[in-house]
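Asks: I'd like to ask some things about the structure below.
The values are calculated or read from the model by the stated rules, or taken from the named source; none is laboratory data. Predicted model, so just to flag it, every value in this text is computed and none were measured. Cβ atoms come from the backbone with ideal geometry, glycine included; neighbour counts cover every protein chain shown.
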Amino acid sequence: MTKKWSLMLVFVLALTLVLSACGDKKESNNSNNSNNSNSNQESGLIKASDLSKNPDQAKNRKDTFIIGMTDPKGIFNPLFMETAYDFYVVYSTFDTLITYKADGSYENSLADKVEVSEDNLTYTYTLKDAKFVDGTPVTSKDYLFTWKAILDPSYDGDIDGLSANIVGAKEYREGTASEISGIKIIDDRKFSVTVSEYTALTPVDLGFVFIMPEGYYGKDYKQGSLESIKALNSEPVGSGQFKVTSYKAGQEIVLEANEDYFRGAPSIKNLIFKTTTDSTNLAMLQSGETDMNNIVVSEDNVEALKAMGFMDINILPNNGYGYVAFNHDHEILSDVKVRQALTYGLNRAEIVEGIYGPYADVINIPQSKVSWAYTEEDINTFDFDTEKAKSLLDEAGWKVGADGIREKDGKKLKLNFSATANNPVVDALLPIMTLNYKELGIDLTAETLEFNAIMDKKTKGDYDMFFAAWGLTPDPDNTIFISDGAQNDFGYSNPEVDKLMAEGKKELDVEKRKAIYKKMYQLINEDAVFIYMYQRTNMEAYNARAQGFDISPYKDFPFSLYQVQLEQ
Amino acid sequence: MKQYIIRRLLQMIPTLIGISIIIFTISALVPGDYITARDNPNMTAERAAELRSIYGLDKPEYQRYFIWAGNMLVGNFGTSLQHKLPVTEVIGEYVWNSFIIAFFAMILSWTIAVIAGVFSAKFQYSLLDKLITLAVFICMSLPSFFIGLLLIKWFALDLKLLPVGGMTTAGLKGGTWTYIWDVVEHSILPIVVLTMLSIGGLARYFRTSMLEVIRQDYIRTARAKGLKERTVIFKHAFRNAMIPAITLLGFELPGLFGGAMIMEQIFAWPGIGHVYLNSINMRDYPFMLGFTIFLALLTLLGNLLADVLYGIADPRIRLK
């Protein structure tokens with residue numbers, strides 16, 4: 001037996017060495033990040049340093065580009081797609097009337113001309129000369145058909161068709177009309193859309209619609225049943241840059257260039273989306289099995305990509321933010337002074353640095369730094385300040401009790417944090433929060449729950465605080481901060497904010513909207529609706545043999561695939 | 001025998017009903033549904049209510065159970081919310097990929113485990129026995145993600161012998177044989193890791209079972225008759241030691257189709273394990289319930305199969 005044990009010991013020791021060698025690579029790179037008001041986010045394009053290191057497997061693929069991504073659900077249909085990965089395929093195979101530019105504004109795509117009536121209620125579109133990949137031309141009828149499908153009573157996709165306020169939309173959804181009266185076809189390439197009420201978002205609601213050929217999808221369509229359209233989910237036909245030639249669930253989607261593409265035939269002749277996973281997507285880039293992948297931003301990963309030498313790395317601010325939500329109906333948290341104190345008293349810079357290193361910024365308003373609506377004017381940065389937090393709590397009437405916990409009218413300052421299980425942000429946040437708040441004299445308890453359970457509590461309003469993150473639309477209009485807004489599960493209400501949000505939605509001039517939203521963000525900032533945490537970054541890494549991408553937080557990479565050139 | 005099988009099959013019906021009630025109740029007790037799991041920041045409350053009524057999620061639980069169970073009775077597993085496809089079709093798309101690696105890993109691990117078990121029992125406490133035991137314990141205790149990544153680093157990145165992951169090379173052109181060879185290349189590493197994981201328990205089991213049999217009187221008799229040691233071990237002892245293994249074989253049946261979540265994640269293998277896990281996280285009830293029932297059915301069939309085979313292999317057991 002002793003021999004066996006000694007052998008075992010040797011193996012265990014050998015293993016520990018291997019494991020610790022792996023861990024050593026992660027040296028700390030903590031620069032002085034105490035000042036959180038300035039942008040310290042590292043972003044932008046890092047060019048490849050040495051193309052000669054390119055693996056043969058990638059170099060020999062002259063006309064083929066392979067993009068690695070998490071497997072999509074196989075719903076390559078603009079009406080029903082739900083995951084970002086299905087979006088990528090749809091973006092590569094369909095077109096809209098207008099499309100986003102890199103800066104978040106929009107330009108004409110399939111639309112040749114857009115005319116808006118005096119009263120802003122009627123939009124008249126003229127189509128460019130374009131063809132679907134089955135050879136039929138893109139016509140006004142196809143646009144009408146797409147809207148019919150979106151507004152169908154049985155439609156269970158993600159597009160909220162009724163919010164566009166098209167005249168006759170409601171009647172069609174309810175089945176009392178068999179046509180949408182607001183969409184009028186003038187001729188094959190010209191049509192007009194009338195809305196009952198306009199907002200700043202109307203051009204996008206009407207224009208950013210992926211046009212689907214009626215001849216292909218509409219063959220067996222009858223109002224009330226979309227089954228025949230769903231049956232074609234994995235065999236898309238659009239007017240886009242590429243056409244899908246084969247799909248193997250969980251493995252790959254093979255696409256071929258659309259030679260008749262209205263912007264000109266793409267230079268990439270074969271495009272393949274291949275399934276990869278987080279644990280090996282770097283290894284696949286290195287071996288040349290893939291050419292491109294979205295990689296989780298971390299110092300280790302950036303270093304590994306730089307070391308490969310043949311990768312262009314594009315680090316971009318993510319269109320979204322992380323926040324700690326307060327329940328504004330809670331008797332303690334309804335007091336703005338308490339919420340401000342909780343923000344001052346939390347070392348956000350340390351938390352964000354701990355999770356993302358230099359690749360995220362602490363934020364103070366719920367808007368992306370690259371948005372036109374973003375402002376830093378008169379925005380309180382809530383720099384970490386325990387003393388300030390303490391005095392705010394004193395002002396709010398919470399005095400330190402005998403046991404060190406603050407109390408007011410005999411009630412203890414006790415808060416509960418609903419923590420998401422297996423969330424790296426929460427794992428970093430919770431210890432610091434507990435420590436920081438203990439210093440303030442707050443009794444913070446935490447319960448760990450699964451994500452869905454927390455979302456359930458959020459809907460029911462049964463929580464004190466929780467952490468979550470969400471995405472931003474390019475437009476600042478939202479229903480999170482207005483009283484009784486659809487996403488306002490927080491109980492926040494400020495009549496001033498309601499008024500500004502409504503004004504901003506109705507205003508069409510961007511400069512005037514900027515001023516309106518600036519005021520709104522100042523209010524939201526001062527009210528400490530959430531503890532605004534961070535805006536992180538995304539990273540697209542691609543083999544430098546492909547050049548010509550035009551990527552921004554508002555313009556995902558598939559939109560510029562047609563202009564990408566592969567080095568020969 | 002026929003009567004026995006029919007009776008057992010009939011007994012499965014109430015069992016399955018019980019199982020369906022239990023898994024449906026558990027899934028109904030879990031907070032959240034497909035709409036909350038999506039957490040779409042742009043979805044209005046009206047739209048969410050509309051979707052719930054389209055999906056039938058607005059009905060009371062008992063009603064939902066009867067609708068679901070009624071559909072299952074006529075073979076309609078429902079439509080997966082995530083894939084927008086019939087559940088059976090989604091299972092069909094992924095399950096065979098899982099089956100391929102699980103099947104070959106099973107054959108390999110059983111073969112190796114039987115050999116290792118028999119020899120370490122035959123030479124109990126010898127150096128060989130100790131080495132086998134050590135190797136088996138190492139295989140068993142190494143975390144699969146660690147050994148998987150290590151093998152990828154060695155064989156795919158350093159030696160460039162095998163691909164990193166996936167089931168086929170993207171954009172591969174060529175005939176059926178090129179395709180089959182490509183799949184074989186891609187499946188080597190996952191099969192090796194899966195084999196390593198399951199070998200440990202099996203080898204220990206066979207060793208114990210073999211040791212038990214070797215001590216029986218009839219083995220002593222066989223030796224006393226002057227039979228060759230090889231005949232004693234492989235004919236008299238081995239066959240009897242293998243009988244309890246039939247039970248284990250029955251339990252392998254659901255495992256063949258269940259998928260391996262961690263393995264699929266590391267090797268980007270398009271199996272059903274991660275689809276199943278995803279359906280749980282996303283509250284894709286039709287798929288989650290449908291696939292769980294499918295696995296439960298396989299488990300019951302596996303049990304039946306084991307009992308029947310047991311009856312055939314061991315004449316001491318009479319099935320009535």
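Asks: Checking A:ASP462 against (1) within 14 Å of chain B (Cβ to nearest Cβ); (2) under 25 Å from the mean Cα position of the chain (by Cα): exactly one of these is not met. Which one?
Replies: (2)
Asks: From B:ARG52, B:ARG8, B:ARG47, which residue is in a helix (DSSP H, G or I), of a type in the set (Lys, Arg), away from chain A (no Cβ under 14 Å) and surrounded by 15 or more Cβ atoms within 10 Å (Cβ to Cβ)?
Replies: Values: B:ARG52 fails: away from chain A (no Cβ under 14 Å); B:ARG47 fails: away from chain A (no Cβ under 14 Å).
Matching residue, one of B:ARG52, B:ARG8, B:ARG47: B:ARG8.
Asks: Now for a separate question. Considering only residues of segment B:11-27 that are surrounded by 15 or more Cβ atoms within 10 Å (Cβ to Cβ) and in contact with a Phe, Trp or Tyr (Cβ under 9 Å, 6 or more places away or on another chain), which is nearest to B:ARG283 (Cα to Cα)?
Replies: B:SER27
Asks: Kindly indicate the residue of segment A:225-256 that is within 12 Å of chain B (Cβ to nearest Cβ) and assigned to a loop (DSSP other than H, G, I, E, B) and also surrounded by the fewest Cβ atoms within 10 Å (Cβ to Cβ) among those meeting that condition.
Replies: Step by step, filter segment A:225-256, then rank; the result is A:ALA231.
Asks: Can you tell me which residue in segment A:368-400 is farthest from the chain's Cα centre (by Cα), limited to those that are of a type in the set (A, V, I, L, M) and farther than 30 Å from A:ASN538 by Cβ?
Replies: Here is the first cut: in segment A:368-400, the residues of a type in the set (A, V, I, L, M) are A:370, A:373, A:379, A:389, A:392-393, A:396, A:400.
Add one more test, that the residue is farther than 30 Å from A:ASN538 by Cβ, and what stays is A:389, A:392-393, A:396, A:400.
Numbers: A:ALA389: 33, A:LEU392: 35, A:LEU393: 36, A:ALA396: 37, A:VAL400: 42 Å.
In this case the residue turns out to be A:VAL400.
Asks: Please list, ordered by residue number, the helices (runs of 4 or more DSSP H) wholly in segment B:143-232 having 1 or more residues that are farther than 19 Å from A:MET284 by Cβ and charged (D, E, K, R). So that I can check it myself, show each step before the final result.
Replies: Details: elements: B:144-151, B:176-214, B:217-224.
The helices (runs of 4 or more DSSP H) meeting that bar are B:176-214, B:217-224.
Asks: Restricting to segment A:329-370, count the residues that are more than 17 Å from A:LEU393 (Cβ to Cβ) and either in contact with a helix residue (DSSP H, G or I) (Cβ under 6 Å, 6 or more places away or on another chain) or surrounded by fewer than 21 Cβ atoms within 10 Å (Cβ to Cβ) (or both). Quick ask: steps written out before the conclusion?
Replies: Taking segment A:329-370 and keeping what is more than 17 Å from A:LEU393 (Cβ to Cβ), we get A:329, A:348-370.
Then keep just the ones that are either in contact with a helix residue (DSSP H, G or I) (Cβ under 6 Å, 6 or more places away or on another chain) or surrounded by fewer than 21 Cβ atoms within 10 Å (Cβ to Cβ) (or both); that gives A:329, A:349-351, A:354-355, A:357-358, A:360, A:362, A:364-365, A:369-370.
Count: 14.
Asks: Looking at A:ASP158, is it assigned to a loop (DSSP other than H, G, I, E, B) and either over 23 Å from B:ASN40 (Cβ atoms) or modelled with pLDDT of 95 or more (or both)?
Replies: Working: assigned to a loop (DSSP other than H, G, I, E, B): yes; either over 23 Å from B:ASN40 (Cβ atoms) or modelled with pLDDT of 95 or more (or both): no.
Against the criterion (assigned to a loop (DSSP other than H, G, I, E, B) and either over 23 Å from B:ASN40 (Cβ atoms) or modelled with pLDDT of 95 or more (or both)), A:ASP158 does not qualify.
Asks: Additional query: Could you tell me which residue of segment B:80-135 is surrounded by the fewest Cβ atoms within 10 Å (Cβ to Cβ), considering only residues that are assigned to a loop (DSSP other than H, G, I, E, B) and touching a residue at least 60 places away in the same chain (Cβ under 8 Å)? Steps first, answer last, please.
Replies: We begin by selecting, within segment B:80-135, every residue assigned to a loop (DSSP other than H, G, I, E, B); these are B:80-85, B:123-126.
Pick out the ones that are also touching a residue at least 60 places away in the same chain (Cβ under 8 Å) and you get B:80-83, B:124.
Details: B:SER80: 25, B:LEU81: 26, B:GLN82: 24, B:HIS83: 26, B:GLN124: 13.
Within segment B:80-135, the match that is surrounded by the fewest Cβ atoms within 10 Å (Cβ to Cβ) is B:GLN124.
Asks: Let me ask something additional. Where in segment A:411-475 are there strands (runs of 3 or more DSSP E), lying fully within it, with 1 or more residues that are among the β-branched types (Val, Ile, Thr) and closer than 18 Å to B:ARG38 by Cβ?
Replies: A:414-420
Asks: Can you confirm whether segment A:538-549 contains a residue that is more than 14 Å from chain B (Cβ to nearest Cβ), surrounded by fewer than 18 Cβ atoms within 10 Å (Cβ to Cβ) and either among the polar types (S, T, N, Q) or part of a strand (DSSP E or B) (or both)? Break it down stepwise before answering.
Replies: Just the residues of segment A:538-549 that are more than 14 Å from chain B (Cβ to nearest Cβ), to begin with: A:538-542, A:544-549.
From what is left, the residues that are surrounded by fewer than 18 Cβ atoms within 10 Å (Cβ to Cβ) are A:547-548.
The next check asks that each one be either among the polar types (S, T, N, Q) or part of a strand (DSSP E or B) (or both); those that pass are A:547.
Looking through segment A:538-549, at least one residue is more than 14 Å from chain B (Cβ to nearest Cβ), surrounded by fewer than 18 Cβ atoms within 10 Å (Cβ to Cβ) and either among the polar types (S, T, N, Q) or part of a strand (DSSP E or B) (or both).
Every residue, every condition in (1) at the interface with chain A (Cβ under 10 Å from one of its Cβ atoms); (2) closer than 30 Å to B:ILE233 by Cβ, yes or no:
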site: B:GLU89; (1), (2): yes, no
site: B:TYR94; (1), (2): yes, no
site: B:ILE112; (1), (2): no, yes
site: B:ILE132; (1), (2): no, yes
site: B:THR178; (1), (2): no, no
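Asks: Now, a different point. Of all residues in segment A:442-458 being more than 8 Å from chain B (Cβ to nearest Cβ) and in contact with a helix residue (DSSP H, G or I) (Cβ under 7 Å, 6 or more places away or on another chain), which is surrounded by the fewest Cβ atoms within 10 Å (Cβ to Cβ)?
Replies: A:ALA446
Asks: Of the numbered conditions (1) within 14 Å of chain B (Cβ to nearest Cβ); (2) modelled with pLDDT of 85 or more, A:LEU17 satisfies every one except a single condition; which is it?
Replies: Single failed check for A:LEU17: (2).
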